[in-house]
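A.B. asks: Structure below; questions to follow.
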Amino acid sequence: MTLTRREMLSIGCGLAGSAWLGGTGLSQAPSAGSAASVSSGDPFSYVNPEFRPTLEQIAKATPSGFQFDASTLPEVRKRDEANLRPALPSPAIQEKMIPGPTGAPDVRVYIVGATPGASKPAVLHIHGGGYIVGSAAESKRDIQQISITHDCVVVSVDYRLAPETTFPGSLEDNYAALRWLCTNAKELGVDTKRIAIKGESAGGGHAAALAIAARDRGEFPICLQVLIYPMLDDRTGSVDRVPPYVGHFIWTEQSNRFGWSSLLGIPAGSANVPPNSVPARISSVAGLAPAFIGVGSIDLFGHEDVEYASRLMLAGVSTELHVVPGAYHGFDIIVPEAPLSGKFTEAWNAALKRAFTVA
């Protein structure tokens with residue numbers, strides 16, 4: 001049996017979540033001669049006890065695991081669309097088509113908390129999905145909660161997906177949403193000095209790329225980039241391999257290669273990639289917006305996220321880094337009731353609150 005992303009999340013928290021939780025890789029075994037060995041041959045031994053029982057349930061439900069590739073993509077998208085999580089009764093969500101990049105289609109956005117004439121902080125939210133699946137509609141409940149928690153305006157972007165749209169299409173969609181948010185600030189009730197961007201997984205990678213574009217173009221200021229287990233480096237799982245217990249669960253090396261190759265239009269880990277398409281490969285991170293980066297220690301993205309945070313710090317960028325011990329990709333969505341998940345959520349919300357207060 002193969003579960004959809006939404007069915008997997010149902011096991012974890014009773015309701016489907018918004019972040020991309022692609023392939024489980026639960027059937028993957030350490031290979032002979034691997035760089036690191038799994039303790040007692042059991043990958044679960046690396047999982048924090050707070051997150052293990054739910055993961056074991058998922059493993060029983062998907063004994064053969066799930067490998068993401070072009071043949072499974074249409075069906076996963078279809079199933080995800082049919083299993084959208086319902087929004088909260090309030091605050092109201094407005095759906096709007098805004099001008100897209102020059103020569104490209106308009107972009108759908110979802111807006112929460114708009115109050116004409118006010119001066120609220122704002123969050124531009126970018127959904128996850130490995131660059132290849134997902135939609136802003138999946139994040140409706142999440143952006144409502146952010147708006148409630150921070151009394152802010154939230155705009156979620158329905159960017160074009162790969163492989164149908166390769167880089168820089170999705171980046172330009174996200175930048176178009178940032179431009180629209182800033183140029184329509186008065187009508188939305190937004191203080192342009194207090195605009196943050198946030199994304200999870202691939203959405204975190206998109207947010208990082210957007211922060212780079214915003215720095216380079218110098219048009220719109222960003223007070224904070226909130227990068228939740230962001231997908232930052234196409235070389236992870238291709239030219240840069242990881243120990244077998246890292247990325248063993250939920251999002252694997254194979255899935256990562258497929259997602260990045262789809263976005264770039266060339267094989268992940270290629271010697272040359274389009275300029276600014278891979279945040280981890282940019283020559284300088286100086287002058288980027290302050291950052292919050294959070295990831296689990298056995299997430300496939302753990303090392304690349306820590307390395308990116310280190311680069312930011314060395315470049316003088318105010319950076320907060322949280323590494324959750326024994327946490328796999330999407331742990332906070334799969335097991336939201338775990339104490340460590342609660343502390344993780346509190347941490348990024350606290351970072352947003354500070355940024356909105358200081359700005």
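A.B. asks: What is the residue count in region 135-157 for residues that are under 18 Å from residue 230 (Cα atoms), open to solvent by 10 Å² or more (accessible area, probe 1.4 Å) and not in a loop (DSSP other than H, G, I, E, B)?
C.D. replies: Summing the residues that are under 18 Å from residue 230 (Cα atoms), open to solvent by 10 Å² or more (accessible area, probe 1.4 Å) and not in a loop (DSSP other than H, G, I, E, B) in region 135-157 gives 1.
Matching residues to (1) over 26 Å from residue 137 (Cβ atoms); (2) in a loop (DSSP other than H, G, I, E, B); (3) in contact (Cβ under 8 Å) with a residue 60 or more places away in the chain; (4) open to solvent by 10 Å² or more (accessible area, probe 1.4 Å):
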| position | (1), (2), (3), (4) |
| --- | --- |
| 203 | no, no, yes, no |
| 207 | no, no, yes, no |
| 212 | yes, no, yes, no |
| 216 | yes, no, yes, yes |
| 227 | no, no, yes, no |
| 234 | yes, yes, no, no |
| 242 | yes, yes, yes, yes |
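A.B. asks: Sticking with this structure for a sec: Failed condition for residue 356, given (1) within 18 Å of residue 229 (Cβ to Cβ); (2) in contact (Cβ under 8 Å) with a residue 40 or more places away in the chain, with all others met?
C.D. replies: Here residue 356 meets the rest and fails (1).
Yes or no, residue by residue, for (1) touching a residue at least 12 places away in the same chain (Cβ under 8 Å); (2) over 26 Å from residue 208 (Cβ atoms); (3) charged (D, E, K, R):
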| position | (1), (2), (3) |
| --- | --- |
| 86 | yes, yes, no |
| 89 | no, yes, no |
| 96 | yes, no, yes |
| 100 | yes, no, no |
| 110 | yes, no, no |
| 118 | yes, yes, no |
| 121 | yes, no, no |
| 131 | yes, no, no |
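A.B. asks: Name the residues in region 339-359 that are open to solvent by 100 Å² or more (accessible area, probe 1.4 Å) and either farther than 19 Å from residue 143 by Cβ or in contact with a Leu (Cβ under 7 Å, 6 or more places away or on another chain) (or both), would you?
C.D. replies: 343, 354, 357, 358
A.B. asks: Okay, moving on. Sort out which residues of region 166-201 are part of a helix (DSSP H, G or I) and among the aromatic types (Phe, Trp, Tyr), and write them in order of number.
C.D. replies: Result: 175, 180.
A.B. asks: Also, quick follow-up: Quick check, is residue 196 more than 24 Å from residue 77 (Cα to Cα) and open to solvent by less than 10 Å² (accessible area, probe 1.4 Å)?
C.D. replies: Against the criterion (more than 24 Å from residue 77 (Cα to Cα) and open to solvent by less than 10 Å² (accessible area, probe 1.4 Å)), residue 196 qualifies.
A.B. asks: Considering each residue of region 246-281, count those that are in a loop (DSSP other than H, G, I, E, B) and either open to solvent by 10 Å² or more (accessible area, probe 1.4 Å) or under 27 Å from residue 56 (Cβ atoms) (or both), and give that number.
C.D. replies: Total satisfying the criteria: 19.
A.B. asks: Restricting the search to region 300-328, which residues are among the charged types (D, E, K, R) and surrounded by 15 or more Cβ atoms within 10 Å (Cβ to Cβ)?
C.D. replies: 304, 305, 311, 320
The values are calculated or read from the model by the stated rules, or taken from the named source; none is laboratory data. Being a predicted model, the structure only gives us computed values, none of them experimental. Ideal geometry is used to build each Cβ from the backbone, glycine not excepted, and the neighbour counts take in all protein chains shown. Surface areas here come from the heavy atoms of the whole protein model, side chains and all, with no ligands, DNA or RNA. Shrake-Rupley method; radii C 1.70, N 1.55, O 1.52, S 1.80 Å.
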